[in-house]
Amino acid sequence: MKEKHIDTWLKQRKNLKKTRDVNSLYNGIRNGDNIALSAAITLIESTKKEDQKIAKNLILKCLPHSGNSIRIAVTGVPGVGKSCFIEEFGKIILKEKNKVAVLAIDPSSTKTGGSILGDKTRMTNLSTTDNVFIRPSATGNNLGGVARSTRETIILCEAANYDTILIETVGVGQSETTAHSMVDFFLLLMLSGAGDELQGIKRGIMELADAVVITKADGNNIDASKIAKQQVKNALHLFPSKENSWTPKVEICSSQENYNLDKVLNIINEFSNTFQDNNWIFKNRINQEIKSFHQALKSNLFNDFLENRKVDIENLEQQIKDNKISAFQAAESLLFNY
């Protein structure tokens, strides 16, 4: 019986990938079909022009049905336990919310461009839970801890009625600004007893955090976690107030022992209730979209410029190789003669 169910699922997925029909994918997404949602995300991640055309039309249809979720970025250095945290935290969220989508971003190899995409294997319980959707994606050449298509993927997930979106960033540690620009709540995970409570206190990442959670507060590490919590609290007082006047909260937790995860959710609920009531979340999302528009414009202009000046670029690259011109002079020459 189980094999028959898998065969049916594979057949449905194969048919959806073949049709690539906007209306079929849209209806599937709106009806909560995760196969359609996965196929749609594959389209927006594709670099093929024909796929991009379908994806753009699909996003336009889904856009009016988006925006009804709380968007949360979960970040922290590698090894801090992001996947383990999300695995247990997702179950806590499901007690209050209807559906949870996890967008897990894996780093791409700088040599091969490949990515392991193994987050589903690290969230075995959550990935098989009803009303949960987990989608691993690769960063590609994108910086800032997220994939190029993450913003559009959020729209699709919200159109599928996922009311909580968790974005697990790569966790580079200091440059997660892109992730911050597409979420409502920025959750920073830190370790204690490994120097991370001090190394993590850098303006770039700490100023973004709406809450800092010290993970792995169990066993012999509880006392060290409490000390780290106080150190982080002290450090946060050194930073200027946030635009929305929110005071970042600091907590300790253990994913292994399911300790204090409910308190982390209470912090997020407090934030959400406060800033939905005064309309700040809506206004912030509008500002995020405007910034995204400018970023997309710069990216498209840059790509168009490179495509149209391909011969000139190749000639200048050869001059650089021959040591006839510096890289900065080559760039200046190209722009001046454009």
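The values are calculated or read from the model by the stated rules, or taken from the named source; none is laboratory data. None of these values were measured; they are calculated from a predicted model. No Cβ is skipped: glycine too gets one built from the backbone with ideal geometry, and neighbour counts run over all protein chains shown.
Of (1) closer than 18 Å to M182 by Cα; (2) without any contact (Cβ under 8 Å) to a residue 12 or more places away in the chain; (3) of a type outside the set (S, T, N, Q), K291 satisfies all except one. Which?
(2)
Any residue that is under 21 Å from R71 (Cβ atoms), touching a helix residue (DSSP H, G or I) at 6+ places or on another chain (Cβ under 6 Å) and not polar (S, T, N, Q) - is there at least one of those in region 283-291? Write out each step before concluding.
Taking region 283-291 and keeping what is under 21 Å from R71 (Cβ atoms), we get 283-291.
Now drop any that are not touching a helix residue (DSSP H, G or I) at 6+ places or on another chain (Cβ under 6 Å), which leaves none.
No: region 283-291 contains no residue that is under 21 Å from R71 (Cβ atoms), touching a helix residue (DSSP H, G or I) at 6+ places or on another chain (Cβ under 6 Å) and not polar (S, T, N, Q).
May I ask you to list the residues in region 26-85 that are basic (K, R) and under 22 Å from A104 (Cβ atoms)?
From region 26-85, those basic (K, R) are 30, 48-49, 53, 56, 61, 71, 82; that's our starting set.
Within region 26-85, R71, K82 meet the criteria.
Output the residues belonging to region 319-338 that are at pLDDT 90 or above and loosely packed, with under 12 Cβ neighbours inside 10 Å.
K321, D322, N323, K324, S326, A327, F328
Under the condition of being under 22 Å from F271 (Cβ atoms) and touching a Leu at 6+ places or on another chain (Cβ under 9 Å), which residue from region 51-80 is surrounded by the fewest Cβ atoms within 10 Å (Cβ to Cβ)?
My answer is S66.
Which residue is modelled with the highest pLDDT, if the candidates are limited to region 107-131 and must be in contact with a Lys or Arg (Cβ under 7 Å, 6 or more places away or on another chain) and under 30 Å from N57 (Cβ atoms)?
Only one residue tops the list, namely N131.
Find the helices (runs of 4 or more DSSP H) located wholly in region 184-298 whose residues include 2 or more that are at pLDDT 90 or above and surrounded by fewer than 20 Cβ atoms within 10 Å (Cβ to Cβ), and list them.
Here the list reads 222-236, 261-277.
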